[in-house]
Amino acid sequence: MPLRGGCGARLEVLHLSRWAILGTSSFADHAVAPAILALDGASIAAVLSRDRSRGEAFAARHGARRVYTSYEELLRDEDVDIVYVATPNALHADQVVAAAGAGKHVLCEKPLATSVRDARRALEACRAAGVRLGVNFQARHHRFVPELKQLLAAGRIGEVVTAEVWACPGRFPSLGWRADPRLAGLGAVHNLGVHCYDLLRCLLEVEIVEVTALLDVGRTAALEHVALVLARLSNGALAYVNAGDASAEPSGDLVLRGSEGSVVGRSVTPPGGDLVEVVVTSAAGSAERLTGATDETHLGAVAAFERAVHEGREPDASGLDGLRAAQVVEAVVASAREGRTVQVDLDD
């Protein structure tokens, strides 16, 4: 589906899409709802909120036609084609399954689920219903990602030997449901780490097959604020992921070291900064600079999902990508709990 425009511009699509937004979080309010409305032909048909007054205020800001406090009632709305799930993590799987049963396509906020069993259940429900399931791993949608993947595939830095990814936005306490293990599942891992795991898989076109993890859970809170993971990738490279919100200094960096060069990116992972920069350097010293902006990733993620729906193909990122993230998380938790290296179970 052709798109016209770039960051800050409306994007032209060939089909009409009517979205429903589950949850009125600040992210849905300030990032995803504006991204939906930036697509010509797209509209927000409905909003779900437990608090009707909050839902009505959200609807007024984004031109949504109806406000629901009942999910079942929203799913009966024939004017809804796509459901964006932006509720607490532990609710995602059940809401995806219900949407699939109602014949709605689903873009789910990460994580797809707080367990592998629930992620697989959500994926299978959408497959059985013939609807599309996407997961909002927006870091995949920096404008330079396709070019960077081409450079890597072409051997610009040779064979990737090590990879390092940070997702550390600075010192931010978890508030509301994010501080409740029953709703959040995990802390730094589900809030930040899953973006890093997915970005590695996307850029290098690999799987994470083995992890050794340390979490700071129990030191100052019920949920971890720091999650350090060493990983072995399916191409033989080794990776380090640092995700956390306990340190004062923010870092959203990406570093790939290859046999013939390197990739160094700044502010690449969420929440990132306004300007994103990636420098690809070859062994000969030649460098190529790729730039972007954080806000374009939200627009890219929504547009990519809508294209996938109208073209009848798997989204980027897909429900399978959401399952893969859950499988890595399961291994990370087991490794931290048991104090050993754990193989990632990649069964579909």
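The values are calculated or read from the model by the stated rules, or taken from the named source; none is laboratory data. The model shown is predicted, which means the values in this text are computed figures rather than measured ones. In this analysis, Cβ positions are derived from the backbone assuming ideal geometry, glycine residues included, and neighbour counts consider all displayed protein chains.
The condition of being part of a helix (DSSP H, G or I) and out of contact with any Phe, Trp or Tyr (no Cβ under 8 Å at 6 or more places or on another chain) holds for only one of Ala113, Ala139, that being Ala139. Does Val165 qualify as being within 19 Å of Ala243 (Cα to Cα) and either at pLDDT 95 or above or surrounded by 21 or more Cβ atoms within 10 Å (Cβ to Cβ) (or both)? Here the answer is yes, as Val165 does meet what is asked. Just checking, does the range 185-193 include any residue being part of a helix (DSSP H, G or I), at pLDDT 95 or above and within 30 Å of Ala287 (Cβ to Cβ)? Yes.
Here is the figure for the range 258-297: residues that are in a loop (DSSP other than H, G, I, E, B), among the hydrophobic types (A, V, I, L, M, F, W, C) and either without any contact (Cβ under 8 Å) to a residue 12 or more places away in the chain or touching a helix residue (DSSP H, G or I) at 6+ places or on another chain (Cβ under 9 Å) (or both) total 2.
Does Ala308 count as over 26 Å from Gly158 (Cα atoms), surrounded by 20 or more Cβ atoms within 10 Å (Cβ to Cβ), in the same structural domain as Ala243 (by TED's automatic domain parsing) and in contact (Cβ under 8 Å) with a residue 24 or more places away in the chain? Criteria not met by Ala308. Here Ala86 fits the description: modelled with pLDDT of 95 or more, within 20 Å of Ile36 (Cα to Cα) and assigned by TED's automatic domain parsing to the domain that holds Ala46. Within the set Ala42, Ala59, Ala46, the sole residue that is touching a Lys or Arg at 6+ places or on another chain (Cβ under 6 Å) and more than 24 Å from His190 (Cβ to Cβ) turns out to be Ala46. If a residue has to be closer than 22 Å to Leu112 by Cα and surrounded by 21 or more Cβ atoms within 10 Å (Cβ to Cβ) to count, how many in the range 50-70 make the cut? Looking only at that region, the number is 0. Listed by first and then second residue, the pairs with beta-carbon distance under 8 Å, at least 6 apart or on different chains, first residue in the range 325-348 and modelled with pLDDT of 95 or more and in a helix (DSSP H, G or I), second surrounded by fewer than 21 Cβ atoms within 10 Å (Cβ to Cβ) and among the polar types (S, T, N, Q), are Ala326/Ser115; Glu330/Ser115; Ala331/Gln343; Ser335/Thr212; Ser335/Thr341.
For the range 191-210, check the following and say yes or no: at least one residue is surrounded by fewer than 24 Cβ atoms within 10 Å (Cβ to Cβ), over 15 Å from Leu254 (Cβ atoms), in contact with a Ser or Thr (Cβ under 8 Å, 6 or more places away or on another chain) and of a type outside the set (Asp, Glu). Yes; the residues of the range 191-210 include at least one that is surrounded by fewer than 24 Cβ atoms within 10 Å (Cβ to Cβ), over 15 Å from Leu254 (Cβ atoms), in contact with a Ser or Thr (Cβ under 8 Å, 6 or more places away or on another chain) and of a type outside the set (Asp, Glu). Among the residues of the range 28-53, those that are farther than 24 Å from Ala293 by Cβ and part of a loop (DSSP other than H, G, I, E, B) comprise Ser49, Arg50, Asp51.
Considering only the range 281-300, I want to know if a residue exists there that is under 20 Å from the mean Cα position of the chain (by Cα), modelled with pLDDT of 95 or more and of a type in the set (Val, Ile, Thr). No, that holds for no residue.
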